[in-house]
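Everything on this sheet refers to the single structure shown next.
The values are calculated or read from the model by the stated rules, or taken from the named source; none is laboratory data. None of the values given here were measured: they were computed from a predicted structure. Cβ: placed from backbone, ideal geometry, glycine included. Neighbour counts: every protein chain shown.
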């Protein structure tokens, strides 16, 4: 899991690479795997730069195309609707995190304290799921 805090007026897609670089998957041998097999994101992350970077790393890109992007005749890969449906797990997690007042409305002055509250909320959700 990774959390990146940005200013409210900044677009999410600017922080996508930084967010993905901080992810890690624990392997059975104890080492961290730093690359995932696929990235599922909403239309807010639809950019040619992000798609090309992920494809160059061998990562499957599951991001819906924006309505103003070029037509399908440009050789785009068909969108995988079945896999994209799994994104609801992430959206439900955001909803559960925002049930906590200190996360939904930022009361902390410093970014460090706010990220700590978000991480505590994530730990609480994780413990609730396994217990």
(message) Please go through the range 87-103 and give me each residue that is exposed (fewer than 12 other Cβ atoms within 10 Å of the Cβ) and either assigned to a helix (DSSP H, G or I) or touching a strand residue (DSSP E or B) at 6+ places or on another chain (Cβ under 7 Å) (or both), ordered by number.
(response) 88, 89, 91, 92, 94, 95, 101
(message) Being in contact with a helix residue (DSSP H, G or I) (Cβ under 9 Å, 6 or more places away or on another chain) and modelled with pLDDT under 90: is that true of residue 107 here?
(response) yes
(request) For residue 114, work out the one condition from (1) in the same structural domain as residue 8 (by TED's automatic domain parsing); (2) under 21 Å from residue 14 (Cβ atoms); (3) in a helix (DSSP H, G or I) it doesn't fulfil. (result) (1)
